[in-house]
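To start, the structure under review is shown below, and the notes come after it.
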Amino acid sequence: VTTIKTVKQIDELVDIGIDTPVWQRYRLKIMSLSQQIRNNILACFSPEYKRTTFMLMAVWFSMSFSYYGLTVWFPDMIKYIQKQEYESRTKTFTKERVEHVTFNFTLENQVHREGHYFNDK
């Protein structure tokens with residue numbers, strides 16, 4: 001290869017004089033940049049790339065939607081599994097009468113309802 005042709009940006013082709021105010025230079029640069037972005041987007045939907053663009057959009061949407069769904073669903077599912085596991089280890093005592101007992105063990109995972117406790121430690 002002896003020569004390489006490069007495409008110049010649109011704003012390089014516009015000759016802006018030194019006397020031009022700064023705000024007008026930035027306005028021209030923003031306008032040329034927005035024109036380039038618009039042309040690139042339109043190029044994605046040209047007949048040559050339209051099928052590929054729509055396939056990539058479908059894949060991207062599906063992956064984003066499923067990722068969002070999983071990030072919302074997983075914490076609830078983990079809480080549900082933890083609750084089920086905790087409830088499977090829980091003992092429930094109803095209307096129990098306990099007198100003169102020293103509790104030297106843990107009461108973890110025990111539910112006591114309507115019980116009567118007298119002189120317990």
Exercise. Mind sorting out which of (1) 21.4; (2) 9.1; (3) 14.7 is the real mean projected area of the Cα convex hull in nm² computed from the coordinates?
Key: (1)
Quiz prompt | Placed amide H near VAL98: partners under 5 Å, 5+ positions off or other chain | solution = HIS116, TYR117, PHE118
Quiz item: Which residues in segment 105-121 place their backbone N less than 12 Å from a point set 7 Å from the Cα of PHE93 along the Cα-to-Cβ direction?
Solution: 105-118, 120-121
Quiz item: For SER32, SER88, SER62, what's the largest-to-smallest order of accessible area, 1.4 Å probe?
Solution: SER88, SER62, SER32
Exercise. Specify the angular offset, from 0 to 90 degrees and rounded to the nearest 10, of the alpha carbon long axis of helix 22-44 from the longest principal axis of the alpha carbons in the chain.
Key: 70 degrees
Quiz item: Applying 1/(1 + (r/R0)^6) with R0 = 35 Å to the Cβ-Cβ distance of TRP60 and LEU28, what FRET efficiency is obtained, to the nearest 0.05?
Solution: 0.55
Quiz item: Residues with beta-carbon under 14 Å from that of LEU107, excluding LEU107: net charge, scoring Lys, Arg +1 and Asp, Glu -1?
Solution: +1
Exercise. Compute the long axis of helix 50-88 from its Cα atoms, compare it with the longest principal axis of the Cα atoms of the chain, and write down the angle in degrees, 0 to 90, nearest 10.
Key: 10 degrees
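The values are calculated or read from the model by the stated rules, or taken from the named source; none is laboratory data. These figures come from a predicted structure and were not determined experimentally. Note: ideal-geometry Cβ built from the backbone for every residue, glycine included; neighbour counts use all protein chains shown. In case anyone asks, the SASA skips ligands and DNA or RNA and just uses the protein heavy atoms, side chains included. Shrake-Rupley method; radii C 1.70, N 1.55, O 1.52, S 1.80 Å.
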